[in-house]
Amino acid sequence: MINLGPDQITAELRTFADRLAQGAKTLGDLGEIETGVSPRDPVYQEDKLTLYRYQPRVTELHPIPLLIVYALVNRPYMMDLQEDRSLIRGLLDAGVDVYLIDWGYADAADRQLSLADYVHRYIGHCVDHLRESRQLAAINLLGVCQGGALSLCFAALYPEKIRNLVTMVTPVDFHTPDNLLTHLIRHIDIDLLVDTLGNVPGQVLNFAFLSLSPFRLAGQKYVDVVDILDDARALKNFLRMEKWIFDSPDQAGEAFRQFAKDFFQQNKLVKGEVMIGGQAVDLRKVVMPVLNVYASQDHLVPPAASKALAGCCGSRDYSELCFRGGHIGIYVSARAQQEVPPAIATWLLARQETSKKGRKTAKRRVRNP
């Protein structure tokens, strides 16, 4: 126990007040909090969806484009947050030709959208647009978190259209013992929720995510921010992250209903029982090369939930990449910038060369592809 005298307490309070005063000035001078720093161009639009192509940063590009499918529950600019914290910029610097689906913001008109709309129609149309515009039979696909689960569904239903698949912090087995989010959702009456609200508000889901680690995500970080109130650059970085955390789109009611019930509550993906648009999703039909990237300290998608893919996909060329960090750190930490984009690019390029030479690779599990 630390005992402070009156003079020490007074000094601490004065220092704290000075920091708050400096913080008010720093905040007033920050200006707009920008996100999504890499230049990009829209190449296809449908309803709320926009497909972007990121402008290349090198002259020699990989010949097969990479389409990123992000989660529906957050905004994709987390992957391009700022110049020195951008997984997308790392991929661009490695010569990957990057495209990304921006889902936009669902509104009341989207209440009846189903998973079939997202998988068969939206992802399908974006994949076909790239295949046709680039005159390719198949493209590369990178699915992130929930977007990874949707990408697995698409790859299982249309394996001939996907050349290589990368999944990133993607849940496959939703019933691992350490999956706190599943334990929470399992006790919710999803039908009552959707029938009452229509679309599910993003604020509701955001509250659920924050409640999984309330001390760190809803308390400690705001105490710690006092220490950077005099550092404009650090404070702006903090506010970029805060902007992303609370920029949570509403979820189309019917799609949320099926995802919550079939994936979270009944764990149908790993069982091969998910039906999308009347078609069964059988992960054994995911036969293209697969790189599964997971985070060792992920509190939203525990490693075991992601690594379950190894036992149920049909690929003979399966690799794993373990990142030493958390669900958010895998996008924005300094170590992630050094490790993750180069590893993905190297893995893709190796399979491009292997495909050219007509080689076949045996199924394997490795830490670093």
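No lab work stands behind these numbers, since they all come straight from the coordinates. Predicted model only: the values in this text are computed from it and were never measured. When we count neighbours, we look across all protein chains shown, and the Cβ atoms used for this are built from the backbone with ideal geometry, even at glycine.
Considering only DSSP beta bridges where both residues belong to segment 40-357, give the percentage that are antiparallel (nearest 5).
35 percent
Positive end of the dipole of segment 40-357, charges at C-beta (+1 Lys, Arg; -1 Asp, Glu), about the Cα centre: which of CYS313, PRO76, LEU181 has its Cα farthest in that direction?
Value: CYS313.
Taking other Cβ within 10 Å of each residue's Cβ, how do PHE238, PHE246 sort, fewest first? Mind showing how you got there, number by number?
Details: PHE238 18, PHE246 11.
Fewest-to-most ranking of PHE238, PHE246: PHE246, PHE238.
Using the number of other C-beta atoms within 10 angstrom as an exposure proxy, rank ILE328, ILE188 with the fewest first. It would help to have the intermediate numbers written out before the result.
Working: ILE328 20, ILE188 14.
If I rank by nearby Cβ atoms, fewest first, I get ILE188, ILE328.
Any idea how far the Cα center of segment 251-323 sits from the one of segment 74-152, in Å?
Centre-to-centre distance over Cα atoms comes out at 17 Å.
Run the paramagnetic zone check for GLU83: 7 angstrom along Cα to Cβ, then residues of segment 35-71 with backbone nitrogen under 20 Å.
Residues 35-41, 54-59 qualify, since their backbone N sits under 20 Å from the label point.
Given the pairs LYS285/LYS307; LYS161/LYS268; LYS161/LYS285; LYS48/LYS271, which span a C-alpha to C-alpha distance of over 20 angstrom in this model?
Values: LYS285/LYS307 17 Å; LYS161/LYS268 24 Å; LYS161/LYS285 12 Å; LYS48/LYS271 32 Å.
Exceeds cut-off: LYS161/LYS268; LYS48/LYS271.
Rounded, prolate or oblate: which fits segment 40-357, taking a ≥ b ≥ c as square roots of the Cα gyration tensor eigenvalues, rounded meaning a/c under 1.5, else prolate when a/b beats b/c? Provide the component values of the computation, followed by the final result.
Numbers: a/c = 1.41, a/b = 1.08, b/c = 1.30.
Because its axes are fairly even, with a/c under 1.5, segment 40-357 counts as rounded.
Among SER333, SER296, which comes first, second and so on when ranked by fewest other beta-carbon atoms within 10 Å?
Numbers: SER333 18, SER296 12.
If I rank by nearby Cβ atoms, fewest first, I get SER296, SER333.
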